[in-house]
Amino acid sequence: MVPFNTVYRKMMQNVHLAPENDEDDLYSGYNDYNPMFDTEDLENDVAFQQAARTSHGRRPPVTAKIPGSASSRPLATGFGPKTTLPSSMGRPMTGGIQFEDGVSRPMTAVQAAGYTKAAMRGSSFDPLGQARGPAPPLEKKNSDSPEEKLRQLEKKVNELVEESCVANSCGDLKLALEKAKEAGRQERELLRQREQITPPENINLDLTYSVLLNLASQYAANEMYAEALTTYQVIVKNKMFTSGGILKVNMGNIYLKQRNYSKAIKFYRMALDQITSAHKEMRMKIMENIGVAFIKTGQYVDAISSFEDIMSISPNLKAGFNLILCYFAVGNGEQMKKAFKKLIAVPLEVDFDDKYISLNDDLHTNLLLEAIKNDSISQMERERKSMAEEYIMTAAKLIAPVIETSFAVGYDWCVDAVKASHYVELANDLEINKATTYLRQQNFNQALETLKMFEKKDSRVKSAAATNLSFLYYLGNELAQATNYADLAVNSDRYNPAALTNKGNTVFANGDYEKAAEFYKEALRNDSLCTEALYNLGLAYKKLNRIDEALDFLLKLHAILPNSAQVLYQIASIYEIMEDPNQAIEWLLQLISVVPTDPRVLSKLGKLYDNEGDKSQAFHYYYESYRYFPSNIEVIEWLGAYYIDTQFCEKAIEYFERAALILPTQVKWQLMVASCYRRSVPGQGATVLN
C-alpha cells in the first residue's frame, strides 16, 4: 500500500494557488483542481506513478513471492487495482525500513519470537533457542557459609519443637520433654553463633519464645512443676516478649494443681490485669478459675463475687452451677433460687425443636436429614443439651430440700421454674426424680402417688412412670399390679428397654422363662448396652439349662461391667455346673478381689478346694469365712471336723460349743463336744452332758 503522505505531497506539487487578495480566482483555482480528490485515473497519472516507483524504501518489505516465478505477489495500494512491484526495483528487500535521509532502522519487533537476521539468511528457525544447548546448572549453595549454617540450625530447632509437640499429642510425655530440652540446647547454640556474625537486633525472638514455651509446657505435662515455673518466669520477666504476660495464667494453673491457692489467685489476677477487654472469653475463663480457687479455700463470698460477674457479663453453665454451690454453702435460700433461674436461662445456642423431622415424602430430603442427624454438629448440640440438663437436675436435687420448708415444696418450686423455661421436657424428668427421691427416703406411698400422676401424660413420660411403678410393685411382691404397670409401660413406649426388662421380670417371676428371655432380647435390640436385660437373660438361660448361651451373655456383660460382683459369681456358678472347678476357683478369686469380706464367697472357695483335696487352702478360706460370719453352721461343722481329723480336739470343742449355742435344740452338737472331750481327756466326756 502506497503511503498517503507521499501521494498527497506529489499531488500538491501540481496545485497552483491564486494570489491571496483574489478570492474569486482562489475559488476558481480550487474548483478547477478537482482531480486532487479523484482516484479513478491513477494508472494514467504520471506524477502518481513516479511517486509510487520511488516510495519503496518507506513500505514494508515484500516477503512473499508467487510460487514458481521470480515476481512478487501483487500488493493492494488502497487507491485502485492491485499493483505488482518488481523485486528488482531499487535495492534488495531487507529486514529494515529506510527513511528519506538514507538512515536504515532494523526491524527488532519480532526478535522475541525468534526471528533474526541469521534466520533470514537461510539458517534454521529456532524460537526456543535450543541450538544454544542446555541451560547452565544452578549455582550450588555454599554450605560452609556462616549464614547457611545458621539457617540449617534454625531449621533443626523448629523441627525439634514440632517433634516435641507431636510426641506430646501421642501421649509420649517423656520423649516430648527430651525433644524440648534438645531444642533449647540447639536454640542457645544458634543464639551464640548468630551474635558473632550479626547485630543483636537480628535475633529471632519468635523462635526463642516458642522454644521456651514448649519446654515449660512439657515440664508441666511431666508434673515437673518447679522447672515449669522457672521456665515461665524466664519468659514473663523478659520485656522483649510482648505477649509473655498472658502466660501467668499457666503459672496460676500450676499453683492450682499444687494446691497453693493463694498464689494461684495472685497470678490469675496479674494475668487478668494484662488482658484487655477485647479478649472477653479469656477474661471470663480466668475469672472462673479465680472463683474455683476461692471455693477451694472456703472463701465463698469472694467466689460468689467472681461468679456473679461472669453471669452478668457472659453467663455459662459451669459458672451458674458453681454460683448455686456457693450460695448453698453459705445457706442463702433466696439467692439459691435466683442463681437457679440464672442457670436455666443460660443460652445454649441449641435448637430445642426437632429440626430433623421430615415434613414431606421427598426421598432426597429424607436422605439428607438422615445424613446430618448424626453429624459432628448434631452430636455437639446433643452433648451440650445433655450437659445442661445434668447441671439443672443436680442443682435441683441439691437445693430442693433447703430452699423451702420441706423437700416436696422445694422440688415443686424447681419444677415450676423449669417449666417456665425452654427445658419443658426436663420438668417431667424432675417429677420422676422426685418420686425416686421418695423411694430413697423409703416413702413408698408418696412415690406411688407422684408416679400415678403421669398416667395421663404423653407416652414417653407415661412409660417412664409406669416402669417405676411396676418396679415398686415387683419389690413389694405384688405381681398382679407389677404386671399391669409393666404392660402399660410397654404399650406406651415399645422401645423403652427398661419397660421391656420389667415386663420380662414379671414373666420370669411367674416361671415362664422362655417368654421372659424374649422380652430381654427385645430390650437388648433397642439398647445393646442394657446391662439389666443382659444379666437377666443369662439367668433365664441358666434356668432353662442352656448353660453355654447363659455363659456367653454373662461373659459379654463382664466385658461391660468387669468389677460386677454378681456377674463374677454367676460365671463361677456356671463353671461349677459345667464341672470345671479350676475355672470356677479362678473366677471366685477374681470375685474376692472385689468383695474380700464376703463370707459366702469365701466358704464357696473353701468347698471347691476341699473337693479338689487341697485341705490347707480349704481351711484358709473356711476360717476367713468364719471370721467374717461366725454363725454359718456349715462352716462351723467343717472347721470342727478338720481339727478332729488333725488330732486337735481341744480346738474343735470351741466350734461345736458355738454350734450348740446357735442351735440349742439339736443334741448333735453337745454330743460332738462330748466326743472331743473324750478324745482329748479320757474319762471326762460324761460330765459334759450334765
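The values are calculated or read from the model by the stated rules, or taken from the named source; none is laboratory data. Not measured: the values here are computed from a predicted model. With ideal geometry, Cβ positions are generated from the backbone for all residues, glycine too; neighbour counts draw on all protein chains shown. SASA here: full protein model, heavy atoms, side chains in, ligands and nucleic acids out. Shrake-Rupley method; radii C 1.70, N 1.55, O 1.52, S 1.80 Å.
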TODO: Quote to one decimal, in nm, the extra length available between Arg382 and Asn477 on full extension: 0.36 nm per residue of separation minus the C-alpha distance between them.
DONE: 30.3 nm
- [ ] Give a residue-ordered list of calculated ³J(HN,Hα) values for segment 226-238 (Karplus: 6.51 cos²θ - 1.76 cosθ + 1.60, θ = phi - 60°; whole Hz; x for Gly, Pro).
- [x] 4, 5, 5, 5, 4, 5, 4, 5, 4, 6, 5, 7, 7
Open item on the list: Testing the spin-label approximation: label points 7 Å from Cα along Cα→Cβ at Thr394 and Ala565. State their distance in nm.
Closed with: 2.7 nm
Task: Two-site FRET efficiency, Met224 against Arg151, from Cβ-Cβ distance with R₀ of 35 Å, rounded to 0.05 - done: 0.60
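Taking loop as defined by DSSP and a crowding limit of 14 other beta carbons within 10 Å, which trypsin sites (Lys or Arg not before Pro) in segment 439-508 fit? Please list the in-between numbers first.
Numbers: sites: Arg440, Lys452, Lys456, Lys457, Arg460, Lys462, Arg494, Lys503; in loops: Lys457, Arg494.
Answer by residue number: Arg494.
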Task: Integer Hz, Karplus 6.51/-1.76/1.60 couplings in order for segment 210-222, x for Gly and Pro - done: 5, 5, 5, 5, 5, 5, 5, 5, 6, 4, 5, 5, 8
TODO: Kindly report, to the nearest 10 Å², the accessible surface of Val166 as traced by a 1.4 Å probe over protein heavy atoms only.
DONE: 80 Å²
TODO: Classify segment 229-287 as rounded, prolate or oblate, taking a ≥ b ≥ c as the square roots of the eigenvalues of its Cα gyration tensor: rounded when a/c is under 1.5, otherwise prolate if a/b is larger than b/c and oblate if not.
DONE: oblate
TODO: Give a residue-ordered list of calculated ³J(HN,Hα) values for segment 282-295 (Karplus: 6.51 cos²θ - 1.76 cosθ + 1.60, θ = phi - 60°; whole Hz; x for Gly, Pro).
DONE: 4, 4, 5, 5, 5, 4, 5, 5, 4, x, 5, 5, 5, 4
Task: Directionally averaged shadow of segment 454-596, computed from the convex hull of its alpha-carbon atoms, nm² - done: 8.8 nm²
Task: Paramagnetic reach from Tyr495 (point 7 Å along Cα→Cβ, amide N under 17 Å) across segment 374-416 - done: 374-375, 379, 382
TODO: Sort segment 387-501 into rounded, prolate or oblate with this rule: let a ≥ b ≥ c be the square roots of the eigenvalues of the Cα gyration tensor; rounded if a/c is under 1.5, and if a/c is not under 1.5, prolate when a/b is larger than b/c, oblate otherwise.
DONE: oblate
Task: In segment 259-313, the trypsin sites (Lys or Arg not before Pro) that fall in loop regions by DSSP, at most 16 other Cβ within 10 Å - done: Arg259
TODO: Describe numerically, in nm with one decimal, the distance between label points set 7 Å from Cα along Cα→Cβ at Val424 and at Thr436.
DONE: 2.4 nm
- [ ] Provide the solvent-accessible area of Cys170, counting protein heavy atoms only and rolling a 1.4 Å probe, rounded to the nearest 10 Å².
- [x] 110 Å²
Open item on the list: Order Trp587, Trp413, Trp669 by their accessible area, 1.4 angstrom probe, all chains in place, largest first.
Closed with: Trp413, Trp587, Trp669
TODO: Could you order Cys649, Cys165 by accessible surface area, starting with the largest, using a probe radius of 1.4 Å?
DONE: Cys165, Cys649
Task: Surface accessible to a 1.4 Å probe, Ile265 within the full protein complex, Å² - done: 10 Å²
- [ ] Mind giving me the nanometre distance, one decimal, between the label points for Ser305 and Ser616, set 7 Å out from Cα along Cα→Cβ?
- [x] 7.0 nm
